[in-house]
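The values are calculated or read from the model by the stated rules, or taken from the named source; none is laboratory data. All of these numbers come straight from a predicted model, not from anything done at the bench. All Cβ positions, glycine included, derive from the backbone under ideal geometry; neighbour counts span all protein chains shown. With ligands, DNA and RNA removed, areas are computed over all heavy atoms of the protein, side chains included. Shrake-Rupley method; radii C 1.70, N 1.55, O 1.52, S 1.80 Å.
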Amino acid sequence: MTIREKGYFHWEGPLRERRFAWWPITRLGLRLAFKKKGFKFLYFGSFIPALVFLVGIYISERIGEFRYMIRGSSQLLEVNPAFFKTYYTSDFLLFMMVMLMVVGGAGLVADDLRHNALQLYFSRPLEKRDYLAGKASVLVALLLSLTLLPGLAFIIFKLLFSGSFRFIADYPWILLSVAAYSAAVTAFFCLYTLLLSSLSRNRRYVSILLFAVYLVSDILFGIFYGNFKNPAFALLSLKANLQQAGAFLFRQKLPYDIPAGWSILILAAVGAAAWLVVNKRVRSVEVVK
Amino acid sequence: MIIEVKDLHFSYGPIMAIDGVSLSLDEGAVGLLGPNGAGKSTLLRVLLGFLRPQRGEGRVFGRDIRFEQRLIRRQVGYMPEDDCLIPGMDAVSFTSFFGELSGMPRQEAMKRAHDVLFYVGLGESRYRLLETYSAGMKQRLKLAQAIVHDPRLLFLDEPTSNLDPQGRKEVLDLILDISSKKDISVLICSHILSDIEAVCSDVVILNKGRLAAHGKIGELRRLDFRLYELKVKGDEQRLIDRIGRLGWPVEATEEGLLRVYVPPQGEILNIFRAADEEGLQVRHFVRSQTSLEDLFARAVGVD
């Protein structure tokens, strides 16, 4: 291999101070995630519930034409906060979010740790907060597209199909609930993924952990609840806590007979602990050897 | 001065990695030498702002290393010792990504990435996945990402490690070209003395976190000591002990030679007097050309 096939030239342009120094990291993270065929399949598959619910909104507005199909179950197609809560807290959607994190988020920090890339990032005019913001934004973009985007689409299509603002007049807080739940579930999964991704240098272990912690917490809840019939064991399950929070934010009956505040507190505590650990891991592992 | 540090201290818990280092470095190629654990890499990391010194102060291009790291890193390129990559990327997108992070516009970073990859000899393989690169190619890639934003100063941490002789020569040629013709100052941290000797005019030697020697290689050779090689008939250990009492370091080589480091004010006749008093015959006596190894050995202690 010969060297200097082309000479070295000085670059005359200015180096700019970026307002959003984290943006190239986010763009790269999304590009690398969508390079994987499995990820694309999962991501677009995650929109199936949203499409089904959109069709539901359409049918609810043309209920007369579809009466033969729904046979007395028209209350299921009533678009109200319960409809939103059903979408947001469905097992399938939450499972797909976890799977997206497994395939697209597990390597975000773990790969940088494994391949010693952190020191390259930090040898640039970049702070740790920029790095973390860049990585977190990859997950935020993916998760908000599955939560906030469909929620807004439901509201807009409801208004379009009904041709009136009655829905907003009846539930003026629904937009806030959609935004709050989307933000909460996004923040939780984002911190949860970054935490586990920063704990290991091996993305496979991280993938297994992401999936296992979510699943095992729910299995534990099932076992304890089955034996002791105490709903407080729902606090052990990440899924149950997210469903509690969802029901609370959409002003629906709570699925488990425990205060929603406890569930929200558990989710917040997990998020805060995750933030502390991520902050420490990203600082100490690579930079200080 | 591009780098100035005063009374710099840094410790990893109870282990003192840098212990009161003060130095000033001018433009050009400077070698940072020292045995393992001497504090070389730590000094680079402190200068880059990765680690905050517990005491002392430092400036790179007049910027304070404690408070103006971002401004320093904009003008500095860093080639770490370890293999570094982002899996799933090719060399062009990898190099342009780091150019962009340094503040280059996206399009410009992409153009520049092509140029520097050709310059370091990765032009033909710039679209290959980085995971498929050999050790030598990874070294070149690290150099490419370090120079993509056209820094004024390059920190190179063991740039020739894991390379075969040919690859080592090519990387050294590149570094020499960068430092001598491209107006980019280079601080090379290495324990391969011949690499430093091939590229650098100045050298900084660290030992146990302290500054052991600093200056132009030629001047250090001239001023610090004179090296003489001699062969004696008889028990050479007696002569070693005798000269050692004068405070002059002596080492015995495998070829049966004694190497005596005579300080500038030292009188070489003392060697002959000592041999005479010990009843030894001096059979061979010659002034040796000091190599960087000698300088290094003298600075960190020949024991």
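General remarks:
- Taking all Cα pairs closer than 8 Å and separated by 6 or more residues, the relative contact order of region B:11-61 comes to 31 percent.
- Full extension of the chain between A:D257 and A:S217 yields a length gain of 12.6 nm, computed as 0.36 nm times the residue separation minus the alpha carbon distance.
- Gaussian network model of chain B, springs between alpha carbon atoms under 10 Å - residue of B:L230, B:L130, B:L122 with greatest fluctuation: B:L230
- Exposed GluC sites (Glu not before Pro) absent - longest run of chain B, DSSP non-H/G/I/E/B, at most 13 other C-beta within 10 Å: B:125-253
- The angle between the Cα long axis of helix A:260-284 and the longest principal axis of the Cα atoms of chain A comes to about 10 degrees, rounded to the nearest 10.
- For region A:245-285 and region B:1-38, distance of Cα centres in Å: 46 Å
- Taking trypsin sites (Lys or Arg not before Pro) across region B:56-91, the ones in a DSSP loop with at most 16 further Cβ atoms lying within 10 angstrom of their Cβ are B:R66.
- Over 29 Å apart at the Cα level, from the set A:K128/B:K138; A:K85/A:K280; B:K40/B:K142; A:K280/B:K169; B:K138/B:K182; A:K128/B:K40, are A:K85/A:K280; A:K280/B:K169.
- In this structure, the amide hydrogen of B:Y78, modeled 1.01 Å from its nitrogen in the peptide plane, lies closer than 5 angstrom to those of B:F155, counting only residues at least 5 positions away or on a different chain.
- Considering only alpha-carbon pairs that sit under 8 angstrom and 6 or more positions apart, the relative contact order computed for region A:105-225 is 48 percent.
- Check: chain B dipole with +1 on Lys, Arg Cβ and -1 on Asp, Glu Cβ, in debye: 660 debye
- Ranking by accessible area, most exposed first, for A:I264, B:I86 with a 1.4 Å probe: A:I264, B:I86
- Between helix A:238-249 and chain A there is an angle of about 60 degrees, using the helix long axis and the longest principal axis of the Cα atoms.
- Here the protein assembly as shown is treated with +1 on each Lys and Arg Cβ and -1 on each Asp and Glu Cβ, and its dipole about the Cα centre works out to around 2200 debye.
- Separation of region B:70-146 from region A:153-230 is 38 Å, based on Cα centroids.
- When the Cα positions of B:G256, B:V76, B:H284 are compared along the charge dipole of chain B, B:V76 comes out farthest toward the positive end, with charges on each C-beta of Lys, Arg, Asp and Glu.
- Within chain B, longest stretch free of exposed chymotrypsin sites (Phe, Trp or Tyr not before Pro) [DSSP loop, at most 12 other beta carbons within 10 Å]: B:128-303
- Using a probe of 1.4 Å, the accessible surface attributed to A:F44 totals some 130 Å² when neighbouring protein chains are kept in position.
- Rounded, prolate or oblate (a/c below 1.5 giving rounded, otherwise prolate when a/b exceeds b/c) for region A:82-232 by Cα gyration tensor: oblate
- Shielding by other protein chains, B:88-101, mean Cβ within 10 Å: 4
- Rounded, prolate or oblate (a/c below 1.5 giving rounded, otherwise prolate when a/b exceeds b/c) for region A:105-153 by Cα gyration tensor: oblate
- Exposure of B:M1 as accessible area (Å², to 10), given a probe of 1.4 Å and all protein chains: 120 Å²
- Only Cα pairs under 8 Å and 6+ residues apart enter the sum, and on that basis the relative contact order of chain B stands at 19 percent.
- Between the Cα long axis of helix A:91-100 and the first principal axis of chain A there is an angle of about 10°, rounded to the nearest 10.
- With all protein chains modelled, accessible area of B:R259 [1.4 Å, Å²]: 30 Å²
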